[in-house]
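Read the structure below first, then the notes.
The values are calculated or read from the model by the stated rules, or taken from the named source; none is laboratory data. The structure displayed is predicted, hence computed values, not measured ones. Positions of Cβ are backbone-derived with ideal geometry, glycine not excepted, and every protein chain shown enters the neighbour counts.
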Amino acid sequence: MEFLNFHHDAEIEHGVEYTYLADFFGYYFIRKCMWSTPATLKSTAASIKKFYKCMAEHQVIDEESYKELLSIMKDFDPEWMEECDDYNKGNAYYF
C-alpha cells in the first residue's frame, strides 16, 4: 500500500492494473528494495496475489480484476525476474 499511496496516489483497487504492477515489479522493487533478488521478487508476487485474492473474496475488488492480476503476473513474471537478476549483476540497462 505504501507504494500505491506515496508513489502514485492510487487506491487499493488500482493495484491490480498493469501500469502499477509493472512499475512496482519492473522498477521500484528491483531498485529500491536492497533485498531484491529473483527469489524475493517471486515471494513478494505470491504475497500480493494472496492479498488481492482476499480483497476479491471480501468484494473490495471484483473477481475479473483479480483474474486480470493473475494473468499479468503470469505473463510478466519471467521478465521481471530477468530484470532483477540483471540489475543485481550490474547489467541493468537503465537505473
remark   = Being under 9 Å from the mean Cα position of the chain (by Cα) and among the β-branched types (Val, Ile, Thr) narrows Ile61, Ile30, Ile48, Ile72 down to just Ile48
request  = From the list Phe6, Phe24, pick out the single residue that is at pLDDT below 90, part of a helix (DSSP H, G or I) and exposed (fewer than 11 other Cβ atoms within 10 Å of the Cβ).
outcome  = Phe6
